[in-house]
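Okay, structure first, notes after.
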There are 4 protein chains.
Amino acid sequence: MIIVMERTATRQQIDAIVSRIQALGLAAHLSEGEERTIIGVVGSPLPPTLDSEFEIHAGVQQVVRITKKYKLTGWDFHPHKTTIAVRDVVIGGDQITVMAGPCSVESEEQTVSTARAAKAAGAHILRGGAYKPRTSPYEFRGLGRRGLEILATAREETGMPIITEVMTPSDIDEVGEFTDIFQIGARNSQNYLLLEEVGKAGKPVMLKRGLSMLMEEWLLAAEYVMAQGNPDVILCERGIRTFESATRNTLDVSAVPVIRGMSHLPIIVDPSHAAGKRALVPALALAGIAAGADGLMIETHPSPDHALSDGAQSLTFAQFAELMPRVAAVAAAVGRSFSAAETSAVV
Amino acid sequence: MIIVMERTATRQQIDAIVSRIQALGLAAHLSEGEERTIIGVVGSPLPPTLDSEFEIHAGVQQVVRITKKYKLTGWDFHPHKTTIAVRDVVIGGDQITVMAGPCSVESEEQTVSTARAAKAAGAHILRGGAYKPRTSPYEFRGLGRRGLEILATAREETGMPIITEVMTPSDIDEVGEFTDIFQIGARNSQNYLLLEEVGKAGKPVMLKRGLSMLMEEWLLAAEYVMAQGNPDVILCERGIRTFESATRNTLDVSAVPVIRGMSHLPIIVDPSHAAGKRALVPALALAGIAAGADGLMIETHPSPDHALSDGAQSLTFAQFAELMPRVAAVAAAVGRSFSAAETSAVV
Amino acid sequence: MIIVMERTATRQQIDAIVSRIQALGLAAHLSEGEERTIIGVVGSPLPPTLDSEFEIHAGVQQVVRITKKYKLTGWDFHPHKTTIAVRDVVIGGDQITVMAGPCSVESEEQTVSTARAAKAAGAHILRGGAYKPRTSPYEFRGLGRRGLEILATAREETGMPIITEVMTPSDIDEVGEFTDIFQIGARNSQNYLLLEEVGKAGKPVMLKRGLSMLMEEWLLAAEYVMAQGNPDVILCERGIRTFESATRNTLDVSAVPVIRGMSHLPIIVDPSHAAGKRALVPALALAGIAAGADGLMIETHPSPDHALSDGAQSLTFAQFAELMPRVAAVAAAVGRSFSAAETSAVV
Amino acid sequence: MIIVMERTATRQQIDAIVSRIQALGLAAHLSEGEERTIIGVVGSPLPPTLDSEFEIHAGVQQVVRITKKYKLTGWDFHPHKTTIAVRDVVIGGDQITVMAGPCSVESEEQTVSTARAAKAAGAHILRGGAYKPRTSPYEFRGLGRRGLEILATAREETGMPIITEVMTPSDIDEVGEFTDIFQIGARNSQNYLLLEEVGKAGKPVMLKRGLSMLMEEWLLAAEYVMAQGNPDVILCERGIRTFESATRNTLDVSAVPVIRGMSHLPIIVDPSHAAGKRALVPALALAGIAAGADGLMIETHPSPDHALSDGAQSLTFAQFAELMPRVAAVAAAVGRSFSAAETSAVV
């Protein structure tokens, strides 16, 4: 950390800061220039809020934190890109991974038919919500355990691994009985106790970006999971909240290359929640892949107009099937491959 | 709900929508103009996502939801402003309520001395965090149960009711043993299971606005608490996330009159978290009161530079004591009163 | 326009609105339901601010504008996609158009060498600023007329049409002497007098999206140009301002399909200004093409580290040349083609 | 400027940066620590974009600019708060200044009656638009020169100085014939040529904050005016664009104390454009004054429902008259005074 003093800072102000640094068991290195003094703070661990403390000290102009707050998620201590194997699907490798399925699990027929259609079109992992966070308490909130059982049935029928959301620590055991990947939703992206508990559950975790989450905060949230010994975290960009209301959220496609520069974790794009409207989903899916995403999460439903949630943004089976070859073409154009999971033979 | 059809909509498209409305057990009223057809949807309950479903139907130009999604929090079914009594403090009445205290409970001495100083200056309720949500897993996360015990001691010493944050459903019983008001933090503002569980706990709940929460979403979150039979919800504006980085968050002072127009619930302003910097806190506190807020939540600490969290935005005792008469003056100027709690005699 | 009255609206309130509508020479159609009255407003032209006027009338719950505010830019009155021919380059057709060049024209050597390198790599149009808007008055502001002359020289040398920014009405004649396309920058996107004057200048206009411009506002700005009889407007998405600071701006890649749905005008993507950092430019360029953009505007410079402006986001010639085949591959993957302009033989 | 190198930076990378610094005629001071090297850049003038250039150099982790980009607007070179005398009104002193009037000048009767009513209620300066920037080309755009003449008449009748917007350089002479203060609107806040030209016109300039303008950018825009030798700049906070749509814009009331900390220029608050709705105006006006603003700009109209622009946010005369004593009370509560201009005797 570097503390830049005002030109008008007094000797007393400088000494006060040096004392405080030493009281914390850290060392202070002074660089006294003609115009101003600059204080380097050396030692560790540096209290995470030390910068904001010093920022308002008398005589201080600016404080610069040099060390990154995130560690486990960064390249510094993990120089190889993370790949995550889920049954026979690998996430984060050369191949693009497509997760598809309904927003909510509504019935066995709906879910199994969606899984079959998604798999036939090339999807690798089945998504579906059994426990649903809803903005209003009066909306459909999922089938709960019955939904998890249906997902398991669909997995048996198709061989596709499943991903489903867990909303609260006390549901982790139950959801963990069934799911292959835990999903943490955008609204829970800073629910730190949930992140820690799911980090202990021994299965991969996909962490959606919160609606107003900075990249660094996102990695720090992932750090909560990884700090429990779980290296298998997938990041999912699903749109941020901005002034623009033409889309449900604004897909921050730049997150893909920015996160790639900061972290070894795989990142996938969810065009459905970003767009909020079916017609926009293909363009955003292709943009995500072109930007370098490791995969996609897309909502599809046998009859979107009758879906109990998010129907407006769900693709029909035909639309989904039409999109997959276009995804494959763009993937190829950017040096990635796309093919149905190896288990496809099983079906 | 009103469905406005495109000028070019076909009879078949109109009929499809009418059928869908009827299939949901609702009635469709057609108004066929020269230019276009408009369909009114009548009946209840209207599925909460019906508007987004119809919005993407072929032939539809626009869907307008007329009924509000929130009910219990709105004026329609509760035409009187809510007042909430917590021991002998009343929130939401003519008097301004001031909640003050440290960000984190760090020790008995720190907390009791803060409570005494805050009370002497005119504060009514003691705030202090025992369980702290932190962006990074490497930051100080509160004293837990010991923190709650310290808060209770401070209450005994000063007679001030206490408010403290609860972060997860499984902590509600423990926190409820001690606290007078449950605080739900901004990061948990859409943690719906937590909202429901805290709604069952039989004590007032203060719900902070999420960093990117629309007013309507905020009321719907409050609705989760109220739907459990708990009418005692306080809203707390604490800044939203915008492009401006000169402040930690952007205090949306307009939320005060806007919420007043939408809801009967009391609303207070937290200038400390909005500003992120001590020097800005007084101006924002006064602005909040001038805009009509029912109270303030302000961080104060015996030695902010040594605070374990949020020191940069905490006032010293002297700064807090200097601010209170200014708050009283502005309160008087807008027709509100401000005085220390009746229990002040106890101290 | 539809005016939805409150359930509690009085007859007098309804009559007052009807009178006001009639006073404006419009007709009011009442639909009196069991629950509430809805008033349709028919006639034209509808004053553009009529909705906000009625919104705050006593007894009114909601006002819904049905007709779109933009006309010339929308599909309704122009059902075919616009293509714009600039010398022998066509913008908005099947082929992707690439505009490339330095942020600022600095010297003849710099500009001509950039034009040659860009053209050799496949670019069609040369960009370069002669008049530069700068956030600070102390920054380099362009070579002015000399810069325009240099651009013209580069056009002669390479056959590439040129695009350059015009910042104020009194410069239009001078800039128009040289440029093939006028560029209106993001900061001037709502400088309506400039838009009108440039609309009269008889050359195509590329309109960058303002940093906080809604899609509808963007089209209305384009409408200012088109209302002067100039049909040749190109839209350019270059990033919006959001809370995220990891990138200079947030590329709103969704603007591509959203604008496509609203307007017949070509839309291109500027990844350089969105990213602000060279390393992110390729990913964003590819994302824009995958999303369906009609082209790209990319900054490239012989020695970006020595550029007088925007060096950080400029590609080297080698980086630009390496990106072009990747753009071509993604363009092909989404059914577009990409090839150097026909004039390439001239060089 | 300080350049923090990566821990892994090579000697060659460090040397390259030092060479580049020296080539710019600046000096490089190396501080080589155990962990990393830090390079201080000394000399002036520092190219304004040097930080972004170095930020992407190989081996660089972070670049920190120490000197502020704004000079004339900052406290460093102007340690006394600016006060601006306009006829016998002083802006920026102890007294609160109220500017009031219609959005647009519509007729002599409307404007003069508004001026009389505003003055009678305590306003000091008359506002009114003769040239109006409008989002759509189909909206009312002001009376032009006739509007300026009407404003002058109203000034004669009431003795109130006037403020009106100028939109383009070629209008400055004409507007300057009439107005006492030039207003630069939010959409033109980064129209740098306009800022420079108006800076030469020898009259005070009020600069509205752009919808997505950072504080620093706002001061740099003011710097354009001041760099022409005009010290009389007033800043006006009028709401920024955020995700929240319950208000037309989000009043950033924190701008008042933040700007106060950065600049000696007076700052006033425009609650009308921030709110967009009449009912919210009083609360925001009072909040602005409580936060320390030097004044207010408020829209009022003899018959807001018939206004040609911004009627929804204009107060009636009665509402305006009712608000003024409340403003006076809050002003007094924060140590400011409020009284009608001394010229009031003239009327």
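The values are calculated or read from the model by the stated rules, or taken from the named source; none is laboratory data. Remember, it's a predicted structure, so these values are computed and weren't measured experimentally. Neighbour counts run over all protein chains shown; Cβ positions are idealised from the backbone, glycine included.
The figures follow:
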quantity	calculated
Those residues of the range A:18-55 which are under 23 Å from D:L30 (Cβ atoms) and assigned to a helix (DSSP H, G or I), in sequence order	A:V18, A:I21
Of all residues making up the range A:56-78, the number that are modelled with pLDDT of 90 or more, assigned to a loop (DSSP other than H, G, I, E, B) and within 13 Å of chain D (Cβ to nearest Cβ)	1
Search result, residues across the range A:219-246 that are at pLDDT 95 or above and closer than 30 Å to C:E217 by Cα	A:E237, A:R238, A:G239, A:I240, A:R241, A:T242, A:F243, A:E244
Condition met for A:A121 (in contact (Cβ under 8 Å) with a residue 60 or more places away in the chain, assigned by TED's automatic domain parsing to the domain that holds A:G288 and not hydroxyl-bearing (S, T, Y))	yes
Filtered residue count, the range B:125-146, keeping only those that are of a type in the set (G, A, S) and crowded, with 23+ Cβ neighbours inside 10 Å	4
Residue under evaluation A:G335, criteria (1) surrounded by 24 or more Cβ atoms within 10 Å (Cβ to Cβ); (2) out of contact with any Gly (no Cβ under 9 Å at 6 or more places or on another chain), criterion not met	(1)
Options A:D88, A:D94, A:D51, A:D76; residue that is among the acidic types (D, E), in contact (Cβ under 8 Å) with a residue 12 or more places away in the chain and closer than 24 Å to D:V60 by Cβ	A:D51
Test set (1) crowded, with 19+ Cβ neighbours inside 10 Å; (2) within 10 Å of chain A (Cβ to nearest Cβ); (3) of a type outside the set (A, V, I, L, M) - B:G40 fails condition number	(2)
Meets criteria (out of contact with any helix residue (DSSP H, G or I) (no Cβ under 6 Å at 6 or more places or on another chain), at pLDDT 90 or above, among the small types (G, A, S) and not assigned by TED's automatic domain parsing to the domain that holds B:G261) for B:S19	yes
Where C:A275 falls short, out of the listed (1) surrounded by fewer than 24 Cβ atoms within 10 Å (Cβ to Cβ); (2) closer than 20 Å to C:L323 by Cβ; (3) hydrophobic (A, V, I, L, M, F, W, C)	(1)
Condition met for C:R36 (free of Cβ contacts under 8 Å to residues at least 12 places away in the same chain and either at negative phi or in the same structural domain as C:M215 (by TED's automatic domain parsing) (or both))	no
Test for B:I150: is it out of contact with any Pro (no Cβ under 7 Å at 6 or more places or on another chain), of a type in the set (A, V, I, L, M, F, W, C) and surrounded by 23 or more Cβ atoms within 10 Å (Cβ to Cβ)	yes
Qualifying residue in the range C:222-241 (condition: in contact with a Gly (Cβ under 8 Å, 6 or more places away or on another chain), in contact (Cβ under 8 Å) with a residue 60 or more places away in the chain, within 13 Å of chain D (Cβ to nearest Cβ) and over 30 Å from C:E177 (Cβ atoms))	no
Exclusive hit being within 13 Å of chain D (Cβ to nearest Cβ) and either crowded, with 18+ Cβ neighbours inside 10 Å or over 22 Å from B:E35 (Cβ atoms) (or both), set C:R20, C:R11	C:R20
Selection within the range A:251-260 - at the interface with chain C (Cβ under 7 Å from one of its Cβ atoms) and assigned to a helix (DSSP H, G or I)	A:V256, A:P257, A:V258
Search result, residues across the range C:88-108 that are among the charged types (D, E, K, R) and either under 17 Å from the mean Cα position of the chain (by Cα) or outside the structural domain of C:V166 (by TED's automatic domain parsing) (or both)	none
Candidate set: the range C:188-221, residues that are closer than 19 Å to C:M99 by Cβ and at the interface with chain D (Cβ under 10 Å from one of its Cβ atoms); chosen: the one surrounded by the most Cβ atoms within 10 Å (Cβ to Cβ)	C:N188
Residues satisfying the stated conditions in the range B:164-184, i.e. facing another protein chain (nearest Cβ under 9 Å) and either of a type in the set (D, E, K, R) or crowded, with 21+ Cβ neighbours inside 10 Å (or both)	B:M167, B:T168, B:D171
The lone exception for A:R248 - which of (1) in contact with a strand residue (DSSP E or B) (Cβ under 8 Å, 6 or more places away or on another chain); (2) touching a residue at least 60 places away in the same chain (Cβ under 8 Å) it fails	(1)
Scope the range C:79-124; condition assigned to a helix (DSSP H, G or I) and surrounded by fewer than 19 Cβ atoms within 10 Å (Cβ to Cβ); matching residues	C:E108, C:E109, C:S113, C:R116, C:A120
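Residues are listed down the side, and each one gets a yes or a no for (1) at pLDDT 95 or above; (2) outside the structural domain of B:E244 (by TED's automatic domain parsing); (3) not aliphatic (A, V, I, L, M):
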position: B:V258; (1), (2), (3): yes, no, no
position: B:I268; (1), (2), (3): yes, no, no
position: B:L280; (1), (2), (3): yes, no, no
position: B:A285; (1), (2), (3): yes, no, no
position: B:M297; (1), (2), (3): yes, no, no
position: B:A307; (1), (2), (3): no, no, no
position: B:G311; (1), (2), (3): no, no, yes
position: B:A321; (1), (2), (3): yes, no, no
position: B:A333; (1), (2), (3): yes, no, no
